[in-house]
Amino acid sequence: MKKSIEAPRHSLFHEGEIALQRSVGMAERIEQIGAKVVRDFMPEQHRDFYARLPFILVATVDDAGDVWPTILTGQPGFIQSPSATSLTVGARPDPADPAAAGAIAGASIGMLGIELHTRRRNRMNGTIAGASGNSLEIEVGHAFGNCPQYIQLRDFAFVDDGDRPAHEPVEEVNDLTEDARAIIAAADTFFVGSYADRAGQREVDVSHRGGKPGFVRVDDDGLLTIPDFSGNFHFNTLGNFLINPRAGLIFIDFETGDILQLAGTAQVITDSPDIIAFEGAERIWTFRPSKIVLRRRASNLRWTMRENAFSAKSIRTGSWDDVASRSVNARNPTQENALRPKNAASALGSAFPEISP
């Protein structure tokens with residue numbers, strides 16, 4: 001008889017994360033590491049780090065259950081930490097930003113602080129304790145640091161957009177336009193939001209993804225396929241997908257300030273010729289967008305890529321052109337062992353033999 005996986009009573013991780021950790025033989029080790037590095041408060045260095053940032057990524061969930069990552073910007077110091085368990089962010093999503101609907105008092109939020117010019121990053125999730133004027137008050141749920149892998153070095157600068165219309169037209173569509181496809185095809189970086197409801201508490205996450213330009217494949221029907229490279233083995237994002245397929249992506253055009261946001265559903269795939277053919281991929285995941293928002297020049301930040309900017313980890317990864325050149329059937333990945341997150345039990349049971357509904 002198959003054994004059902006359940007998260008240990010006091011585990012930091014839920015059953016989706018644990019299933020993926022077990023699939024690589026790391027569950028016990030990550031449980032031990034997590035107990036040391038995942039905290040319910042921010043250490044002093046994290047508090048100082050957030051205060052230096054000119055931007056932060058956040059993810060919120062709207063009333064329809066869609067998760068929307070977005071970027072909030074301000075001069076360094078616009079984020080402050082009044083205590084080890086709280087952050088004050090001196091910015092809120094613009095009303096035209098789909099993340100604005102979920103940025104309300106009492107809602108759960110995911111946060112990622114990242115310095116593209118140093119490759120430092122820290123993550124946090126928590127609850128919006130207050131939302132008024134142009135600020136958000138955040139109470140910490142979990143806080144932890146991340147490694148610098150797959151981050152491309154970029155320097156930031158604020159731009160004078162005084163001639164920008166107060167509200168440029170926002171493009172809201174259900175299918176990818178040519179402009180949206182071009183932004184995705186050129187990207188070496190994007191951010192992904194996900195969430196899971198656990199024991200009456202919603203935990204929202206926003207995470208960085210990086211690779212060579214074009215590491216996100218866009219099929220003719222609008223399906224996105226993304227390689228999953230070796231990381232910290234927490235599997236926060238992919239583990240969430242096993243529990244809840246809702247996902248949100250944000251692509252930032254670092255040169256123009258255009259912001260492309262997508263909401264839809266994700267699927268984790270553990271057995272496919274694409275995984276073997278794509279250098280560095282340990283699994284892949286797909287994303288089917290159902291809501292697409294393109295906001296032109298929405299960010300007042302621009303970034304310049306440094307010489308030798310690419311992370312050594314990114315350089316060692318492959319590309320979809322490589323996959324195609326090897327005559328692998330890249331357009332029709334094997335689906336037999338796809339992790340289809342209809343519900344936690346059936347998704348985990350179909351993917352890993354030790355799990356049953």
Hits in the range 3-40 (condition: part of a loop (DSSP other than H, G, I, E, B), of a type in the set (Asp, Glu) and either within 23 Å of residue 230 (Cβ to Cβ) or at pLDDT 95 or above (or both)): 40
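Yes or no: the range 122-133 includes at least one residue that is modelled with pLDDT under 95 and surrounded by fewer than 22 Cβ atoms within 10 Å (Cβ to Cβ). Explain how you work it out, then say what you get.
Taking the range 122-133 first, the residues modelled with pLDDT under 95 are 132-133.
Next cut, surrounded by fewer than 22 Cβ atoms within 10 Å (Cβ to Cβ) only: 132-133.
For the range 122-133, residues modelled with pLDDT under 95 and surrounded by fewer than 22 Cβ atoms within 10 Å (Cβ to Cβ): present.
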Test: residue in the range 236-247 that is under 30 Å from residue 97 (Cα atoms) and part of a strand (DSSP E or B): yes
Residue in the range 57-64 that is modelled with pLDDT of 95 or more and loosely packed, with under 15 Cβ neighbours inside 10 Å present: yes
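Which of the residues belonging to the range 41-70 are assigned to a strand (DSSP E or B) and in contact with a Pro (Cβ under 9 Å, 6 or more places away or on another chain)?
Initially, the range 41-70 is screened for residues assigned to a strand (DSSP E or B), giving 55-61, 67-70.
Of everything in the range 41-70, those that are assigned to a strand (DSSP E or B) and in contact with a Pro (Cβ under 9 Å, 6 or more places away or on another chain) turn out to be 57, 58, 59, 60, 68, 70.
Take the conditions surrounded by 23 or more Cβ atoms within 10 Å (Cβ to Cβ) and either touching a residue at least 12 places away in the same chain (Cβ under 8 Å) or under 18 Å from the mean Cα position of the chain (by Cα) (or both) and apply them to residue 232. Does it pass? Working first, answer last.
Details: surrounded by 23 or more Cβ atoms within 10 Å (Cβ to Cβ): no; either touching a residue at least 12 places away in the same chain (Cβ under 8 Å) or under 18 Å from the mean Cα position of the chain (by Cα) (or both): yes.
So residue 232 does not fit the description; no.
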Residue satisfying all of: in the range 235-268; polar (S, T, N, Q) and either in contact with a strand residue (DSSP E or B) (Cβ under 7 Å, 6 or more places away or on another chain) or buried (at least 21 other Cβ atoms within 10 Å of the Cβ) (or both); nearest to residue 170 (Cα to Cα) among these: 261
Residue in the range 142-151 that is farther than 21 Å from residue 230 by Cα and loosely packed, with under 14 Cβ neighbours inside 10 Å present: no
Pair list, Cβ under 9 Å, 6 or more apart: the range 185-197 residue outside any strand (DSSP E or B), other residue of a type in the set (D, E, K, R): 185/217; 186/253; 187/253; 188/212
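How many residues does the range 45-71 contain that are in contact with a strand residue (DSSP E or B) (Cβ under 9 Å, 6 or more places away or on another chain) and free of Cβ contacts under 8 Å to residues at least 60 places away in the same chain? Break it down stepwise before answering.
Step one: list which residues in the range 45-71 are in contact with a strand residue (DSSP E or B) (Cβ under 9 Å, 6 or more places away or on another chain), which gives 45-62, 64-71.
Cutting the leftovers down to free of Cβ contacts under 8 Å to residues at least 60 places away in the same chain gives us 45, 47-48, 51, 56, 62, 64.
Going through the range 45-71 one residue at a time, the tally reaches 7.
Picking from 190, 158, which residue would you name as being modelled with pLDDT of 95 or more, aromatic (Phe, Trp, Tyr) and within 30 Å of residue 11 (Cβ to Cβ)?
On the way: 158 fails: within 30 Å of residue 11 (Cβ to Cβ).
That would be 190, the only listed residue that is modelled with pLDDT of 95 or more, aromatic (Phe, Trp, Tyr) and within 30 Å of residue 11 (Cβ to Cβ).
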Matching residues, the range 179-203, being hydrophobic (A, V, I, L, M, F, W, C) and surrounded by fewer than 17 Cβ atoms within 10 Å (Cβ to Cβ): 182, 185, 186, 199
Odd one out for residue 154, checked against (1) touching a residue at least 24 places away in the same chain (Cβ under 8 Å); (2) more than 20 Å from the chain's Cα centre (by Cα): (2)
Tally, over the range 71-108, of residues that are in a loop (DSSP other than H, G, I, E, B) and more than 25 Å from residue 157 (Cα to Cα): 7
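The values are calculated or read from the model by the stated rules, or taken from the named source; none is laboratory data. Because the structure is predicted, anything quoted here is derived from the model rather than measured. Cβ atoms come from the backbone with ideal geometry, glycine included; neighbour counts cover every protein chain shown.
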